[in-house]
Amino acid sequence: MHAQTLSGGFETPPVDSAHAFRAVMEAMARPGQIKDISGAQPPAPLSAAAGSVLLTLCDTDTPIYLAGDADTDDVRAWLAFHTGAPLTGPSQAMFAVGRWEALVPLQGYQIGTSEYPDRSATLIVECTELTTSGANLSGPGIKSRAALSLPELDAFQSNRGLFPLGLDFIFTCGGQVAALPRSTIVSAPEGAMEVS
Amino acid sequence: MTEYNFAYLDEQTKRMIRRAILKGLAIPGYQVPFASREMPMPYGWGTGGVQVSAAVLTPEDRFKVIDQGADDTTNAVSIRSFFERTAGVATTTTTSEASVIQTRHRVPEEALTEDQILVYQVPIPEPLRFLEPRESETRKMHSLEEYGLMHVKLYEDIARHGHIATSYAYPVKVEGRYVMDPSPIPKFDNPKLGNMPAIQLFGAGREQRIYALPPYTQVVSLDFEDHPFEASKADHSCGLCGATDSYLDEVITDDQGGRMFVCSDTDYCEGRRAAGFFGEMSAENPSAPTMTTQRNLEFQT
């Protein structure tokens, strides 16, 4: 067993996960705000932020889908040791992690049922950059306006159309985290030309 | 082993609660089921709020607990010391100094900020429960947005009393979708729920539900065009600090019909008195009747 598999977890799990959760919760409650998150050093290609989110929220009760590049032996072994979470495909996953191109199409994930809309997947999207510019956001958690660099618009707009069903997104980049709950209304950046 | 795990709960339980909180924030007003644990206090004493607080607290937080607005009643004192002991967090009774506030049935008078989190203790999270006892039916009613029954209930209030007589746990609609029980806060507090800068989390331990309001969420108290919602309070000023804008408790002072109205938010009242305000029954009031002053002094000790 590689030493890397055993290391890279939270130093003091109760305190580190409390800090990481507060970052994720603030991000989910205030779409468009970017928070610092740290504590985990997962094997490549996972970012420290994605690793910290996984350690904070995942355990044996939460099937995880590793999409594309994220599905490596090192990542599998690291998750197995630190979380014990079962690995699965998109249709059974409560959490999915990977780059946006690998996670789409979104149709395969659980969006909840009308009586239990909470039984839906949360997608952890690994980004190369995360900035507060780009798509315009409005809705719960946003005072007047917010913006976030989203990989695309259409997918998030049709996800909003499913409300109260739908997917929730956590964006990770290095040591930073942002989120987009299903309740957020996404529109094109102001002044941007329609892409033909 | 003499030490508790940070904030009492084991880590797997906290992860489960944290997942529920995130889904609750993503679907404002929707009640997320969670596997509520037995806590070292009876159901009805805030076990839901305690579990939510335990999942949210970090060692750097400053924690405040209020019970019907007061920092010094049994429930507030015991929960505050519970977290002092199991999480080692600093505590305070000053609203503006607290980063996490757990509350039973009140929203603090002082406006909350973006750096604060308000955790409500909820006895019955289902606003439709007394109209429809079956959980399977109320789930269906929420999924179909079938809230006519709630309006019938409010209408029956008007038919019987001439006005909407519901004065606490007054139902609200969140972002035009879910009807939500704001917990048994007086309807005086309802207008504070909408557009609040702080995150609001609701925990019901016995009923095993968590729900949430993200900041700046639209929260509308249900009403009718000809009977608009009205945030009501006792038509008096606080006997101790003279405040006319705060929610008041009626306190019986003797068996001769003597009574006084005082702020239910003790921190707000103390802050005003420290700033030099006083009410007509306050000991500092030179024009207060002697009898009353005497009685009032006894009451304060």
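No value in this document is a laboratory result; all are computed from the given coordinates. Keep in mind that what you see is a predicted model, and the values were worked out from it rather than measured. Note that we place each Cβ from the backbone using ideal geometry, even for glycine, and neighbour counts take in every protein chain shown.
Could you tell me the center-to-center distance, by alpha carbons, between region A:16-76 and region B:100-155 in angstrom? Here the answer is 31 Å between Cα centres. Other protein chain C-beta atoms within 10 Å of residue C-beta, averaged over B:204-215: 2.
On the basis of the beta-carbon distance and an R0 of 30 Å, B:Glu97 and B:Arg259 show a calculated FRET efficiency of 0.40. When the protein assembly as shown is described by a simple charge dipole with +1 on each Lys and Arg Cβ and -1 on each Asp and Glu Cβ, the residue from B:Thr58, B:Gly271, A:Pro181 located farthest towards its positive end is A:Pro181. B:Gly203 sits among other residues whose Cβ lies under 12 Å from its own Cβ, and their net charge, with Lys and Arg +1 and Asp and Glu -1, is +3.
Put simply, the C-alpha atoms of region A:3-186 give a gyration tensor, and the ellipsoid matching it has half-axes of 25, 18, 15 Å, longest first. Label B:Met41 and B:Tyr4 with points 7 Å out from Cα along Cα→Cβ: what is the distance between them in nm? So the label points at B:Met41 and B:Tyr4 sit 1.0 nm apart. Counting only DSSP beta bridges whose two residues both lie in chain A, roughly 50 percent are antiparallel. Remark: mean inter-chain Cβ contacts per residue of A:115-128 equal 3, using a 10 Å Cβ-Cβ cutoff to other protein chain atoms. Measuring between alpha carbons in the structure, the pairs from A:Lys35/B:Lys23; B:Lys140/B:Lys233; A:Lys35/A:Lys143; B:Lys64/B:Lys192 lying more than 25 angstrom apart are B:Lys140/B:Lys233. Largest GNM mean-square fluctuation across B:Tyr268, B:Tyr155, B:Tyr178, computed for chain B with C-alpha springs under 10 Å, falls on B:Tyr155.
So if a site counts as exposed when it's one of the GluC sites (Glu not before Pro), its DSSP state isn't H, G, I, E or B, and it has at most 10 other Cβ atoms within 10 Å, what's the longest stretch of chain A without one? Value returned for the longest uninterrupted segment is A:12-128.
Panel values: region B:52-113, Kirkwood radius from alpha carbon pairs, Stokes-Einstein at 25 °C and 0.890 mPa s, translational diffusion coefficient 214 µm²/s. Helices assigned as whole DSSP H runs in chain A whose Cα atoms extend at least 20 Å along their own long axis and whose mean Kyte-Doolittle hydropathy is -0.5 or higher are found at A:13-29. Between region A:128-151 and region B:7-33, the alpha-carbon centres lie 24 Å apart. Considering only B:Asn195, A:Gly68, B:Thr113, the residue lying farthest towards the positive end of the dipole of the protein assembly as shown is A:Gly68, judged by Cα position with unit charges set on Cβ. Of the beta bridges in the protein assembly as shown, as assigned by DSSP with both residues counted there, near 55 percent are antiparallel. With 0.36 nm allotted per residue and the present C-alpha distance subtracted, the A:Glu129-A:Ser144 stretch has 3.0 nm of extension available.
The charge dipole of chain B, taken about the Cα centre with unit charges on the Cβ atoms of Lys, Arg (+1) and Asp, Glu (-1), comes to about 980 debye, rounded to the nearest 20. Shape analysis of chain B places it in the oblate category; the axes a ≥ b ≥ c from the Cα gyration tensor give an a/c of at least 1.5, with a/b not above b/c.
Over chain B, calculate the relative contact order: mean separation of alpha carbon pairs under 8 Å at least 6 apart, over the residue count, as a percent. Once divided by the residue count of chain B, the mean separation gives 19 percent.
For peptide A:158-164, the mean count of partner chain Cβ atoms within 10 Å of a residue's Cβ comes to 2. Computed on the Cα atoms alone, the convex hull of the protein assembly as shown gives a volume of 173 cubic angstrom per residue.
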